[in-house]
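First up is the structure itself, then whatever we jot down about it.
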Amino acid sequence: MPHISAIRQAKSRHIAIYWILTAMTAVVAAVLVVPNAQLGQDTVTDPQWTGEYVAEWRRAAALAYTSGSTVGHVCALLAGVLVARWSRHIARRTGLATALLAGAGLGATQLAVASWRATPFLHHMSGFPGTGDPMEDWIIDPSLHHHLSVLVAMALVFAVFLASAGAGFWMAHRAMLLRLVMTMVFVVIVPVVLFWVTVFALVPRPRIAGL
């Protein structure tokens, strides 16, 4: 049965490619945690008081916990295309559900690896050098349930993983020009928008009363 054999071989190739995309997502997430955290710190220049230090930490945490998401979203887009090719002979809804599941797997991988690398690093960053005066010393609590903006950033990034996979599945059935446009959207526009939302919209720099 050469036809069945060919189908099995194609399925094996698609699964292998998906695992490669998963590995890429994991590696990039792990590597970019520290640079992303430092970038988040740099967006709050010369913090002077508690609120500004907290904003600095939250921006660092939001970028660290979502590190590698730009590459991950492109991988999810490719995974959606991959599923579309694999599922040509099954129902469209089943194929879309499979694509979304593939995107969810990549998103969970990115968040898990980034969290594994970011948690100890951000815990270390949460301490402020003490002055010896208990009235002046303070430490940021690194528990994420105290930092809703970071959790929202992570949820938003995960949602875009699903959207990317769904878009990849959808555009696989469209004309080449539309594929190029959608690819540019997820490679250029989405990362810029996510960066702005994650860094500036979710964690605005606090203002000193009266200024």
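What ³J(HN,Hα) values, in whole Hz, does the Karplus curve 6.51 cos²θ - 1.76 cosθ + 1.60 give for segment 107-117 when θ = phi - 60°, with x put for Gly and Pro?
x, 5, 5, 4, 5, 5, 5, 4, 5, 4, 7
Would you mind computing, in nm to one decimal, how far apart the modelled labels at residue 16 and residue 108 are, each placed 7 Å from Cα along Cα→Cβ?
Label-label distance for residue 16 and residue 108, simple model: 2.5 nm.
Compare the peptides 105-115, 150-160, 176-186, 54-64 by average per-residue count of other Cβ atoms within 10 angstrom and give them in order, highest first.
Sorting 105-115, 150-160, 176-186, 54-64 by mean packing, highest first, produces 54-64, 105-115, 150-160, 176-186.
Compute the helix-to-body angle for 2-42: its Cα long axis versus the longest principal axis of the chain, expressed 0 to 90° and rounded to tens.
The helix 2-42 is inclined about 10 degrees to the chain.
Hey, can you find the accessible area per residue of the chain for me, probe 1.4 Å, expressed in square angstrom?
56
To the nearest 10 square angstrom, how much accessible area does residue 20 have with a 1.4 angstrom probe?
100
Report in % the part of the accessible area of the chain that belongs to carbon and sulfur, leaving out ligands and nucleic acids; probe 1.4 Å.
Answer for the chain is 70 percent, counting heavy atoms of protein chains only.
Between segment 143-211 and segment 32-55, what is the C-alpha centre distance in whole Å?
Centre-to-centre distance over Cα atoms comes out at 20 Å.
Relative contact order for the chain: what percent, with Cα pairs under 8 Å and sequence separation of 6 or more?
Reported relative contact order: 28 percent.
Report, to the nearest 10°, how far helix 69-86 tilts away from the longest principal axis of the Cα atoms in the chain, using its own Cα long axis and a range of 0 to 90°.
Between helix and principal axis, roughly 20 degrees.
Ordered by residue, what ³J(HN,Hα) values in Hz, to whole numbers, does segment 166-176 give under the Karplus form 6.51 cos²θ - 1.76 cosθ + 1.60, where θ = phi - 60° and Gly and Pro are x?
Going residue by residue, I get x, 5, x, 5, 5, 6, 5, 9, 10, 5, 4 Hz, with x marking Gly and Pro.
Starting at the first residue of segment 47-62, write each ³J(HN,Hα) from the Karplus equation 6.51 cos²θ - 1.76 cosθ + 1.60 with θ = phi - 60°, in whole Hz, x for Gly and Pro.
For segment 47-62, the Karplus-derived couplings read x, 10, 9, 3, x, 6, 5, 5, 4, 4, 5, 5, 5, 4, 5, 4 Hz, x marking Gly and Pro.
The values are calculated or read from the model by the stated rules, or taken from the named source; none is laboratory data. Remember, it's a predicted structure, so these values are computed and weren't measured experimentally. Methodologically, a virtual Cβ is constructed for each residue, glycine included, from the backbone with ideal geometry; neighbour enumeration extends over all protein chains shown. For the accessible areas, the whole protein counts, side chains as well, though only heavy atoms, and no ligand, DNA or RNA atoms are used. Shrake-Rupley method; radii C 1.70, N 1.55, O 1.52, S 1.80 Å.
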